[in-house]
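Okay, so here's the structure we're looking at.
The values are calculated or read from the model by the stated rules, or taken from the named source; none is laboratory data. These figures come from a predicted structure and were not determined experimentally. In this analysis, Cβ positions are derived from the backbone assuming ideal geometry, glycine residues included, and neighbour counts consider all displayed protein chains.
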Amino acid sequence: MLLSMQWLRDFVPYEGEVQELGDRLTMLGLELEEIFNPFEAIKDIVVGHVVECDKHPEADKLSVCKVDVGDGELLDIVCGAPNVTKGINVPVAKVGVTMPGDFKIKKAKLRGVKSHGMICSERELELSDAHEGIMILPEDLKPGVKFTEAMNMEDTVLDLGITPNRADCLSMLGIARETSLAFDLPITMPKINLVENGGNAADMLKIEIDDPDLCPLYQARILQGAKIAPSPDWMRYRLLSVGVRPISNIVDVTNYILFELGQPLHSFDADLLKGGKIRVGLAPEGTKFTTLDEQERKLIGSDLLIWDAERPVALAGVMGGMNSEINDDSTNVVLESAVFRPGLIRKTARRLALPSEASYRFERGVDQQMNTFAMDRAAQLMSELSGAKVVSGVAKNEPTPWQNRTHDYRHKRCNSWLGLDLEPEFSKKAFSLMGLEVNDSDADCWKVSTPSYRLDLEREADLYEEVARYFGMDKIPSVLPRISKTFDASVIADTPYGFYRRIKNWGRGVGLHEAINYSFVGDDDLDLLGLPKEGRVNIANPLSEDQNVMRTELAPGLLNTVRHNLAQGNTHIRVFEIAKKFIKDETSDTETREQSRLGIMLNGPRSNAEWPNEQGDADYLDVKGLVEHLLADLKLANSKCKPTFSLAEDHSYLEPCVNITLGEKEIGFMGMVKADIADKYHAKKEVWMADLNADLLREIVMDHEIQFETLPVFPPSRRDVTVIGPVSLHAETIKDAILGLKLPLIESVELVNVFVPEGQDEERNLSFRITYRHGQKTLTDKAVDKEHKKVLAGLEKSLPVRF
């Protein structure tokens, strides 16, 4: 939103520094982005007085002028404009001045006559497209004065960032209210002195609204005998200062009111409207309508149109139509002022890629109670600028009148939320300055009525924010909040959210990076993985063909993550994702069955640093180790509920694929992504994946009972043993055999090393570390050696091994 300081001062008497105003508005939520001079390009143009004007001796269409620019000497300037004459004031660009378009004025010689400057037209100053002649200025201006100062043109404009909820600040009045709040200044509204000239607009124009939900209010005034002409300089320059191109007096007034009061208006040529009727209704599917930009638009059934008795004449809230626009021959005007449903206007403007200043405000919400004031002020200005007579009365239809809104406000709760200790009178003053009405008969719970222009105040918390804005967001002290743990906090761990958070903490702890992918993928992704078409949940309105179906597996999203990382040069990929997959299920209320899954995917080197880490690429042992580590972390990998891994016969995208079973429940699968599929995702090395049923894991965890054991108080003794056995003998078998001896002093058994002698294909060496501990005393070496011999004897007896 561009804020003209001159325009602002029409509402509030602010005389402070512009930067201070910008800073205060920023703290109120209207962020200052830039301060600039809208007429910077012509700031060096001066007022000149043509003292003499003679014909050029060598050119019939050129004149040689002597111009007074306040420097004491007259400048000789050659001018080709037909309207230049002696005695007029004109804008002059002296030698050395840079014109708009980066054109620098230099001394020149035209047909043998020297010229020391240029007399400018409006087009050369980029004030309009007029170029029939030079610009003639008022007679009372003093030569040498800066042109922008002499014409009272704006030199300071603030560019403010307005958040979508603050529709009330999309006008000079709205920002004036915020300035009044910041500096405790009075607001002066424009005075209405509308003169009506008989007749009855309500009899001349009937208003029909098909659906009150789409248009709560539509009203219009009728003006007769208007003369279309350029707007006066003050209005044109104000519009230019906020980036609007002046067109004509009637059209410019509607734009002026839009920026001044925030109410979009539209003017129709009354003689082009048929049947003396205006109807607000939806467009039939496929309707074609030509807007003011001369583009034919194809409409759909959700686009709202303004119709006369026979045809559409405007795209409601967005843009008028070519068939009813104001033109140079227009004399009678219908001035529209309305309120439309914001969401409807937003969808139409976005779909047609047709943003406008009007739609920008309608789609955020306009002030229904300001509607009549804005229309009357516009009618008055049109009458004054065009000579039109305003027909008495208003053609109006308001099926949904504005209803005042009242909210509770608890001051103690406000202080608690903001961490402040404000007096009730502070809040009451803040609300009063904002235009809110306060009923504090109940000291503990006030009733606060919000005005129609503050559509963002929807609940009590919004009132707390208003108190904070008035106090100053930058003044609220930074204090760490007091954290008190409630009984509810201990319950969170038992919820799905708490369990998934536990898994995420585990994933980050083992060096995995969490991936968050869209829940929707493309049919092509699922087809590439050989996943069945049955059970897919199609999206009714997909963002693109690449995202037209809900995922039935986590693999497509994780593979796309791998591809994206590889494209960015990351070759060490260790990612995990915990998310839902979706399967079509007619028996479900939503016709979709959801299941939470944990996906793990590895690609590239086992470590991202060569030294001192073990070299090599991620393989089966890495992904298997992560699964075992997770189950151990969840306290599921024990002798009573031991995970088992069995080779699956066939899988659509993993080869090999291993089923993971916990007890009698299959909890997931893991394996290597088929090479041809991995290649499609630009992976040149093996891609390993594990996919676990997170819902089932939680169910198993929740079924377990928590048991407590006394912490050991006596030191352990450890012995290492290297077992030489056949390659086919699993380390887990040896470990189970040791624990199966059920010797009371054995606390744990860990595999610490695997060694295959050079040239040996049938045997390997497995080193285990056995921890011995007694719960009641410190073990002696003699007792440990005795126990250790039992282990060696037991292994030799039960397994084909030696030491």
Exercise for the section: Working carefully through the options 562, 575, find the one that is modelled with pLDDT of 90 or more and over 22 Å from residue 496 (Cα atoms). Expected result: 562
Exercise for the section: Consider residue 747 carefully, then state whether it is in a strand (DSSP E or B), charged (D, E, K, R) and either at pLDDT below 90 or under 60 Å from the mean Cα position of the chain (by Cα) (or both). Expected result: yes
Handout entry: Members of segment 503-532 found to be among the charged types (D, E, K, R) and either part of a loop (DSSP other than H, G, I, E, B) or under 31 Å from the mean Cα position of the chain (by Cα) (or both), listed by number
Key = 504, 508, 514, 523, 524, 525
Problem - Pick from segment 771-801, criterion within 15 Å of residue 733 (Cα to Cα) and touching a residue at least 40 places away in the same chain (Cβ under 8 Å), ranking: surrounded by the fewest Cβ atoms within 10 Å (Cβ to Cβ) - result: 800
Completion exercise
Taking segment 216-242 and keeping residues crowded, with 21+ Cβ neighbours inside 10 Å, more than 25 Å from residue 130 (Cβ to Cβ) and touching a Gly at 6+ places or on another chain (Cβ under 9 Å) leaves 221, 222
Exercise for the section: For segment 324-334, indicate whether the set of residues that are at pLDDT 95 or above and either among the basic types (Lys, Arg) or outside any loop (DSSP other than H, G, I, E, B) (or both) is non-empty. Expected result: yes
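Between 222, 192, 250, which is among the β-branched types (Val, Ile, Thr) and in a loop (DSSP other than H, G, I, E, B)? Lay out the reasoning, then the answer.
On the way: 222 fails: in a loop (DSSP other than H, G, I, E, B); 250 fails: in a loop (DSSP other than H, G, I, E, B).
Only one candidate passes the filter, namely 192.
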Practice task
Would you mind stating whether residue 384 is assigned by TED's automatic domain parsing to the domain that holds residue 461 and either at pLDDT 95 or above or surrounded by fewer than 16 Cβ atoms within 10 Å (Cβ to Cβ) (or both)?
Solution key: no
Problem - Cross-chain or 6+ apart pairs with Cβ under 7 Å, segment 527-544 first and closer than 15 Å to residue 557 by Cα, then surrounded by 11 or more Cβ atoms within 10 Å (Cβ to Cβ) and of a type in the set (Val, Ile, Thr) - result: 528/677; 529/677; 531/552
Practice task
Among the residues of segment 446-465, write down those that are surrounded by fewer than 14 Cβ atoms within 10 Å (Cβ to Cβ) and under 10 Å from residue 409 (Cα atoms).
Solution key: 459, 461
Practice task
Return the only residue of 773, 769 being more than 60 Å from the chain's Cα centre (by Cα) and not hydroxyl-bearing (Ser, Thr, Tyr).
Solution key: 773
Completion exercise
Restricting attention to segment 682-736, the residues that are crowded, with 16+ Cβ neighbours inside 10 Å, more than 30 Å from residue 790 (Cβ to Cβ) and of a type in the set (A, V, I, L, M) number exactly 9
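Go through the residues of segment 17-24 one by one and say whether even a single one is free of Cβ contacts under 8 Å to residues at least 24 places away in the same chain, outside the structural domain of residue 126 (by TED's automatic domain parsing), surrounded by 15 or more Cβ atoms within 10 Å (Cβ to Cβ) and not in a strand (DSSP E or B).
Within segment 17-24 (the criterion being free of Cβ contacts under 8 Å to residues at least 24 places away in the same chain, outside the structural domain of residue 126 (by TED's automatic domain parsing), surrounded by 15 or more Cβ atoms within 10 Å (Cβ to Cβ) and not in a strand (DSSP E or B)), the answer is no, since none of the residues qualifies.
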Completion exercise
Taking segment 25-57 and keeping only residues that are hydrophobic (A, V, I, L, M, F, W, C) and not in a helix (DSSP H, G or I), one is left with 28, 30, 32, 35, 36, 39, 45, 46, 47, 50, 51, 53
Completion exercise
Just one listed residue, out of 507, 530, is at pLDDT 90 or above, crowded, with 18+ Cβ neighbours inside 10 Å and of a type in the set (Gly, Ala, Ser), and it is 507
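Rundown of residues vs (1) under 24 Å from residue 54 (Cα atoms); (2) part of a strand (DSSP E or B); (3) outside the structural domain of residue 59 (by TED's automatic domain parsing), yes/no style:
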site	(1), (2), (3)
123	no, no, no
133	yes, no, no
143	yes, no, no
159	no, yes, yes
168	no, no, yes
173	no, no, yes
Exercise for the section: Among the residues of segment 48-67, write down those that are of a type in the set (A, V, I, L, M) and under 14 Å from residue 118 (Cβ atoms). Expected result: 50, 62, 64, 67
Practice task
Take segment 750-803 and flag every residue that is in contact with a Gly (Cβ under 8 Å, 6 or more places away or on another chain) and part of a strand (DSSP E or B).
Solution key: 763, 764, 766, 802
Exercise for the section: Please identify the pairs in which a residue from segment 85-104 that is more than 16 Å from residue 147 (Cα to Cα) has its Cβ atom under 9 Å from the Cβ atom of a residue that is of a type in the set (Val, Ile, Thr) and part of a strand (DSSP E or B), counting only partners at least 6 apart or on another chain. Expected result: 85/50; 86/50; 86/51; 87/50; 87/51; 104/98
Completion exercise
So the helices (runs of 4 or more DSSP H) completely within segment 631-743 holding 2 or more residues that are touching a residue at least 40 places away in the same chain (Cβ under 8 Å) and more than 25 Å from residue 531 (Cβ to Cβ) are 694-703, 731-740
Exercise for the section: Test each condition in (1) in contact with a Pro (Cβ under 8 Å, 6 or more places away or on another chain); (2) buried (at least 17 other Cβ atoms within 10 Å of the Cβ); (3) among the β-branched types (Val, Ile, Thr) for residue 746 and report the one that comes out false. Expected result: (1)
Problem - Options 52, 73, 58, 40; residue that is loosely packed, with under 15 Cβ neighbours inside 10 Å, among the charged types (D, E, K, R) and more than 20 Å from residue 108 (Cα to Cα) - result: 40
Exercise for the section: Answer yes or no: is there a residue in segment 540-553 that is in the same structural domain as residue 576 (by TED's automatic domain parsing), in a helix (DSSP H, G or I), more than 25 Å from the chain's Cα centre (by Cα) and not β-branched (Val, Ile, Thr). Expected result: no
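Quick test for you: out of 294, 285, pick the one residue that is surrounded by fewer than 16 Cβ atoms within 10 Å (Cβ to Cβ), closer than 25 Å to residue 123 by Cβ and either under 31 Å from the mean Cα position of the chain (by Cα) or in the same structural domain as residue 373 (by TED's automatic domain parsing) (or both).
294
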Problem - residue 587 vs. criteria surrounded by fewer than 13 Cβ atoms within 10 Å (Cβ to Cβ) and more than 25 Å from residue 683 (Cα to Cα) - result: yes
Handout entry: Identity of the residue in segment 387-407, touching a residue at least 60 places away in the same chain (Cβ under 8 Å) and polar (S, T, N, Q), that ends up surrounded by the most Cβ atoms within 10 Å (Cβ to Cβ)
Key = 397
Handout entry: The listed residue being among the β-branched types (Val, Ile, Thr) and farther than 16 Å from residue 558 by Cα, out of 701, 687, 673
Key = 701
